[in-house]
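The values are calculated or read from the model by the stated rules, or taken from the named source; none is laboratory data. All figures in this text were calculated on a predicted structure; none of them were measured in a lab. Please note: Cβ atoms are built from the backbone with ideal geometry, for glycine as well, and neighbour counts cover all protein chains shown. Accessible surface areas use protein heavy atoms only, side chains included; no ligands, DNA or RNA. Shrake-Rupley method; radii C 1.70, N 1.55, O 1.52, S 1.80 Å.
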Number of protein chains: 2
Amino acid sequence: MKNVVLTLVIAESALETIPESLWTHPAITKWAKAHRKHPQHVLLDRSYHHASMKKLEQNEKRGRPDIVHFALLEALGSPLNREGLLTIYVHTLNNYVIWANPEARLPRNYSRFVSLIEQLFEFRQVPPNATGRPLLTLKKQTLTQLIKEIKPSYVLALSTIGKPQTLEASISKIAKKNKPAVLVGGFPKGHFSEATLKLADEVARIDFQMLETWTVVSRAIYEFERASSLPKKRIDTTEGGNL
Amino acid sequence: MKNVVLTLVIAESALETIPESLWTHPAITKWAKAHRKHPQHVLLDRSYHHASMKKLEQNEKRGRPDIVHFALLEALGSPLNREGLLTIYVHTLNNYVIWANPEARLPRNYSRFVSLIEQLFEFRQVPPNATGRPLLTLKKQTLTQLIKEIKPSYVLALSTIGKPQTLEASISKIAKKNKPAVLVGGFPKGHFSEATLKLADEVARIDFQMLETWTVVSRAIYEFERASSLPKKRIDTTEGGNL
């Protein structure tokens, strides 16, 4: 049985540095000063910058680095990733794309994760002067451009505005494809944009309520493992290394 | 079909306030002073207190509040919990037991979660002066006492030292029981103690490698939902409320 690689894209994610329109906002200048950083090098975080975010466009979809943090931890720690069968991208609402090295071990601590991502936005890769493959890279890219670059054979988007279909049915279908990709929203509220929905061959609603990004990521990866009989293979293994 | 409630116990969790033996450690006194708190009201956190933890007994199993944070977010946000079919306890290595209100919405931000848990250790419930049901309660209790109190009809522990069995097989089996409980380790390294293992009717190894607590919690809950046909029921629902 061939091993299909799943491409996971956490799309339109609520991850960005503080936008220029807020650099002079009193709460932001105060915060930046206390942290000894220019706002352009600080991640927008609703936990700390809520008051200053009110006038931002689409603000309900922004300023939640914790979503990407948890989702990446779920993805990177999964057996699927450990087997080398997962490719992980984070696309942001402002059209940056982060690629995560499958071997990256990200900080579990939120503040350390935030520092890492701030460094990533500044230097476009972390560590900034990695000699080998970096842990994370970042480039300016739209989701359309990313999909064009990856060339998946089938794109499944998970969204409550899709057609009702269990996650099991949705994922077992794409697991039979040659190069499947799954899009999971990386934002706390709202829906995918029209542009994102157009990229999908199929949009599935796996629950009548919106589930949290990290939960959907965890379950989608697990269903993909199940469709590939990975859990059975891995319990019968006694040693490390790829199967 | 009857709706079985799953009891989830995150056991021997790496969650505690700074132990007395470290209160006079220079790194700890400095940290406590900077945060204007007595060390007894500060959570032990390897991200910040690594150096001072070296001489602590079983230190590799301690000081990881983030594990409980992510695991609780996975559990509380799950469809199973939203249906009122999940009871959640966190047992700590030092024998405290936290009960989580199924309706609790915990902070997504790590620092706010830590503050909440510090308050919980100080006042035994949060909010401290809740008039209705609190979000979280805490009491001194061993895992043995907790299990005696809950009286589950069957206890499944998940551990890499158990017998190889897929999570699907393990969970579909307990979903047929009257009052099943599942124990997931809330620590980063090592194994359940002998005392914990004795409480289990069955110990299953669902992967040859140790998986992270939040991943196991997410997947175990999802398998329980699958065994109860909950995903199918919920995609056919168009409105809120219990099924």
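The accessible-area ordering, largest first, of the residues B:His41, A:His91, A:His50 stands as A:His50, B:His41, A:His91, per a 1.4 angstrom probe. Per-residue ellipticity at 222 nm computed for chain B from its helices equals -10000 deg cm²/dmol, with DSSP H segments shorter than 4 residues left out and the rest contributing -39,500 (n - 2.57). The overall shape of region A:118-243, judged from the alpha-carbon gyration tensor, is oblate: a/c is not under 1.5, and a/b is no greater than b/c.
For region A:26-69, the square roots of the Cα gyration tensor eigenvalues, ordered a ≥ b ≥ c, give a/c of at least 1.5 with a/b no greater than b/c, which places it in the oblate category.
Looking at region A:1-116 alone, DSSP beta bridges between its own residues are antiparallel in about 45 percent of cases.
Comparing B:Ile10, B:Ala34, B:Leu22 along the charge dipole axis of region B:1-48, the residue lying farthest to the positive side is B:Ala34, per the Cβ-charge model. With label points defined 7 Å past Cα in the direction of Cβ, position A:Asn94 shows copy-to-copy spacings of 4.2 nm, given to one decimal and shortest first. Residue-wise HN-Hα couplings along region A:78-86, as the Karplus relation 6.51 cos²θ - 1.76 cosθ + 1.60 with θ = phi - 60° gives them from phi, are 6, x, 4, 5, 4, 7, x, 10, 9 Hz; Gly and Pro carry x. Over region A:102-156, the hull volume per residue, using the convex hull of the C-alpha atoms, is 128 Å³. Of B:Asn94, B:Ala104, B:Gln119, which is farthest on the positive side of the dipole of region B:82-138, counting Cα position, with +1 on Lys and Arg Cβ, -1 on Asp and Glu Cβ, and the Cα centre as origin? Of the options given, the answer is B:Ala104. A 1.4 Å probe, protein heavy atoms only, puts the accessible area of B:Ser229 near 50 Å².
For the residues of A:110-119, the average number of beta carbons from a partner chain within 10 Å of their own beta carbon is 2. Going by a ≥ b ≥ c, the root eigenvalues of the Cα gyration tensor, does region A:65-138 fall in the rounded group (a/c under 1.5), the prolate group (a/b larger than b/c) or the oblate group? It comes out rounded by the Cα gyration axes. Counting only Cβ charges, +1 for Lys and Arg and -1 for Asp and Glu, the dipole size of region B:143-199 around its Cα centre is about 180 debye. Ligands, DNA and RNA are left out, and with a 1.4 angstrom probe the accessible area of region A:131-239 is 43 Å² per residue.
The 1.4 Å probe gives accessible areas that order B:Leu72, A:Leu211, largest first, as A:Leu211, B:Leu72. Taking the three principal axes of the alpha carbon atoms in the protein assembly as shown, the coordinate ranges are 57, 54, 48 Å, sorted in descending order. With the whole protein complex present, B:Asp236 retains an accessible surface near 100 Å², based on a 1.4 Å probe.
At q = 0.09, 0.12, 0.13 Å⁻¹, what log₁₀ I(q)/I(0) does a Debye calculation on the Cα points of region A:1-145 give, no solvent, two decimals? Once normalised to I(0) and log-transformed, intensities are -0.29, -0.51, -0.59. Here is the interface size for B with A: some 4100 Å² of accessible area buried, both sides summed, with a 1.4 Å probe.
May I ask what percent, to the nearest 5, of DSSP beta bridges between residues of the protein assembly as shown are antiparallel? Among the beta bridges of the protein assembly as shown, antiparallel pairing accounts for roughly 35 percent.
Scattering from region A:125-174 was approximated by placing one identical point on each alpha carbon and applying the Debye formula without solvent; log10 I(q)/I(0) at 0.22, 0.23 1/Å stands at -0.89, -0.92.
Here the accessible area is traced with a 1.4 Å probe on the protein chains. For the protein assembly as shown, carbon and sulfur cover 51 percent of it.
Considering all alpha-carbon pairs of chain B, what whole percent are spaced by more than 23 angstrom? Cα-Cα pairs in chain B separated by more than 23 Å: 50 percent. Across region A:182-243, how large is the tail of the calculated P(r) beyond 16 Å, expressed as a percent of all Cα pairs? Here the tail beyond 16 Å accounts for 59 percent of pairs. Only lysines eight or more places from A:Lys177 in sequence, or on another chain, were considered; those with a Cα closer than 18 Å are A:Lys2, A:Lys148, A:Lys151.
Computed from point charges on the beta carbon alone (+1 for Lys and Arg, -1 for Asp and Glu), the dipole magnitude for the protein assembly as shown about its Cα centre is near 300 Debye.
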